[in-house]
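Heads up, the thing below is written out as structure tokens.
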Amino acid sequence: MLSIDLDALAENYRTIQLHAGSAQVAAVVKADGYGLGAIPVVQTLMDAGCRTFFVAFLGEAVALKSVLRSSDTLFVLNGLLPGTERDCAQLGAVPVLNSLDQVDRWTAMSRELRRTLSAALQIDTGMARLGLSAEEVQTLAMQRSRLNGIELKLVMSHLACADNSVEPFNERQVETFEALTRAFPNVARSLDNSGGVFLERGHFDLVRAGIALYGGAPRTGPNPMRPVVSLEARILQLRTVPAGAAVGYGLTHRCEQPSRIATISVGYADGWPRHLSNRGSAYIGGVRVSIAGRVSMDSITLDVTDVPDALLYPGAPVELIGSHQSIDDVADDAGTISYEILTQLGHRYTRIYSPARATQLKRSA
Ligand SMILES: *Cc1c(COP(=O)(O)O)cnc(C)c1O
């Protein structure tokens, strides 16, 4: 059971707003709201005052457009794949143009439709992922007509090391961004993701918050965000095994003493990393138990020898993410980041939202 605390999500939005100063806080809701369910996430954030949203690709925008108000803006980060120009324009999604080729195709669509089309423009300031290079920005600055028919809503770039406040490259990217955006003097600017919001400096006009909204730590050190997600599994079966018994696929765990093993109802097909075989933890009644053996597709075996008997019965709850173990803890154990943990969860669980949202029902009633 995956529980999602929408009040905590709204509170995280407000916390980010406090740190962002006068910048507008936009929500990044790609990958189905980082695995939490984009529609309830968007509805909650709209109520909290959010009016700008980012998804990664056009299909994600299609799924959200009907939920948004006409005054909201929905940006598509991955930009404009060849052949999607008309769909993007008709949907009213705003592409983040990442290359001169994308600029030209958007201008051409504007001519074809005989109307102005909105866009954001991304500049690469040192991450070499998406966006115009410095030379391409200069080219565009000298060939203004290439933007005819396009209303630029935003110029943006992305930080490579925002989670590390002492990394000097952050400042280099800020300087590059300042310099390159001079070519677009009256356009709103956006540089910061969650990590950037928590760096002590100005935040331009708009920040693009993702992981911090969902409770992930935006930087190293104490996490200022409220947890949004908790994950509970249940005990399917219990057994007592003698010293020397082996557990799970490949017999990779050997019990050194007589042990109690609990099999629980979550596996890698539920998004629990198989990499946590013989290394991750769970909590039963606040007692830490370790994963014994390999994570299976639909189940995990835990060594519960140290847990009081009263807490061990078929159906008993087991905390995988909650007050004892955060998404960042799980990510550390698995050698990954909270982003990957979150986006893998949830496709198979019953998702429980609190407070329950009835917005959709009310609208159609
Ligand atoms: C995913 C993404 C974000 C959000 O980043 P977080 O670290 O989750 O806040 C912001 N901007 C861009 C361009 C992204 O791809």
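The values are calculated or read from the model by the stated rules, or taken from the named source; none is laboratory data. The shown structure was predicted, so the numbers you read here are calculated from the model rather than taken from an experiment. FYI the Cβ positions are ideal-geometry reconstructions off the backbone, even for glycines, and counts take in every protein chain you see. Side chains included, ligands, DNA and RNA excluded: accessible areas come from the protein's heavy atoms. Shrake-Rupley method; radii C 1.70, N 1.55, O 1.52, S 1.80 Å.
Please go through region 21-34 and give me each residue that is open to solvent by less than 10 Å² (accessible area, probe 1.4 Å) and either away from the ligand (no atom under 12 Å from the Cβ) or among the basic types (Lys, Arg) (or both), ordered by number. Selection gives ALA23 alone. Of the numbered criteria (1) acidic (Asp, Glu); (2) more than 16 Å from the ligand (Cβ to nearest atom); (3) within 30 Å of ARG146 (Cβ to Cβ), the one ASP47 fails is (3). Can you name every residue in region 204-227 that is more than 10 Å from the ligand (Cβ to nearest atom) and among the aliphatic types (A, V, I, L, M)? Once the filter is applied, which keeps residues that are more than 10 Å from the ligand (Cβ to nearest atom) and among the aliphatic types (A, V, I, L, M), region 204-227 yields LEU206, ALA217, MET225.
Does TYR353 satisfy the condition of being more than 16 Å from the ligand (Cβ to nearest atom), assigned to a strand (DSSP E or B), of a type outside the set (Asp, Glu) and under 19 Å from the mean Cα position of the chain (by Cα)? So TYR353 fits the description; yes. Which one is surrounded by the most Cβ atoms within 10 Å (Cβ to Cβ), of the residues in region 72-104 that are among the polar types (S, T, N, Q) and part of a helix (DSSP H, G or I)? The selected residue is GLN102.
Residues in region 240-290 that are in contact (Cβ under 8 Å) with a residue 24 or more places away in the chain and basic (Lys, Arg): ARG260, ARG279, ARG288. Evaluated against (1) within 15 Å of the ligand (Cβ to nearest atom); (2) on the phi < 0 side of the Ramachandran plot; (3) touching a residue at least 12 places away in the same chain (Cβ under 8 Å), GLY126 falls short on exactly one condition, (2). If I filter region 228-235 for residues that are under 22 Å from the mean Cα position of the chain (by Cα) and within 16 Å of the ligand (Cβ to nearest atom), do I get at least one hit? Scanning region 228-235 turns up at least one residue that is under 22 Å from the mean Cα position of the chain (by Cα) and within 16 Å of the ligand (Cβ to nearest atom). If the condition is being among the hydroxyl-bearing types (Ser, Thr, Tyr) and either more than 27 Å from LEU130 (Cα to Cα) or more than 18 Å from the chain's Cα centre (by Cα) (or both), then region 30-71 contributes THR44, SER66, SER70, SER71. Any residue at all in region 144-156 that's open to solvent by less than 20 Å² (accessible area, probe 1.4 Å), in a loop (DSSP other than H, G, I, E, B) and within 14 Å of the ligand (Cβ to nearest atom)? So far as region 144-156 goes, no, none of its residues is open to solvent by less than 20 Å² (accessible area, probe 1.4 Å), in a loop (DSSP other than H, G, I, E, B) and within 14 Å of the ligand (Cβ to nearest atom). Considering only region 98-108, I want to know if a residue exists there that is within 24 Å of THR52 (Cα to Cα) and within 14 Å of the ligand (Cβ to nearest atom). For region 98-108, residues within 24 Å of THR52 (Cα to Cα) and within 14 Å of the ligand (Cβ to nearest atom): present. Please indicate, with yes or no, whether at least one residue in region 265-275 is over 24 Å from ALA8 (Cα atoms) and buried (at least 22 other Cβ atoms within 10 Å of the Cβ). For region 265-275, residues over 24 Å from ALA8 (Cα atoms) and buried (at least 22 other Cβ atoms within 10 Å of the Cβ): present. Selection within region 276-310: residues that are open to solvent by 50 Å² or more (accessible area, probe 1.4 Å) and touching a Phe, Trp or Tyr at 6+ places or on another chain (Cβ under 8 Å). The member of this set that is nearest to LEU231 (Cα to Cα) is MET297.
Residues that are within 22 Å of LEU154 (Cα to Cα), touching a strand residue (DSSP E or B) at 6+ places or on another chain (Cβ under 9 Å), part of a helix (DSSP H, G or I) and open to solvent by 40 Å² or more (accessible area, probe 1.4 Å) within region 38-71 comprise just one, LYS65. Counting the residues of region 110-125 that are surrounded by 19 or more Cβ atoms within 10 Å (Cβ to Cβ) and in a loop (DSSP other than H, G, I, E, B) gives 2. Of the residues making up region 157-169, those that are away from the ligand (no atom under 13 Å from the Cβ) and not charged (D, E, K, R) are SER165, VAL166, PRO168, PHE169. State which residue pairs qualify: first residue within 14 Å of SER165 (Cα to Cα) and within 16 Å of the ligand (Cβ to nearest atom) and inside region 183-203, second residue at pLDDT 95 or above and of a type in the set (Val, Ile, Thr) in any location, beta carbons under 6 Å apart, and separation of 6 or more residues or different chains. As it stands, the answer is ASP192/VAL207; SER194/ILE211; VAL197/ILE16; VAL197/VAL207, since those pairs meet every condition given. Checking every residue in region 328-348 against the condition of being part of a strand (DSSP E or B) and in contact with a strand residue (DSSP E or B) (Cβ under 8 Å, 6 or more places away or on another chain) gives zero matches. Identify, from the list THR139, THR107, the residue that is in contact with a Leu (Cβ under 8 Å, 6 or more places away or on another chain), open to solvent by 30 Å² or more (accessible area, probe 1.4 Å), at pLDDT 95 or above and part of a helix (DSSP H, G or I). Criteria check complete, one pass: THR139.
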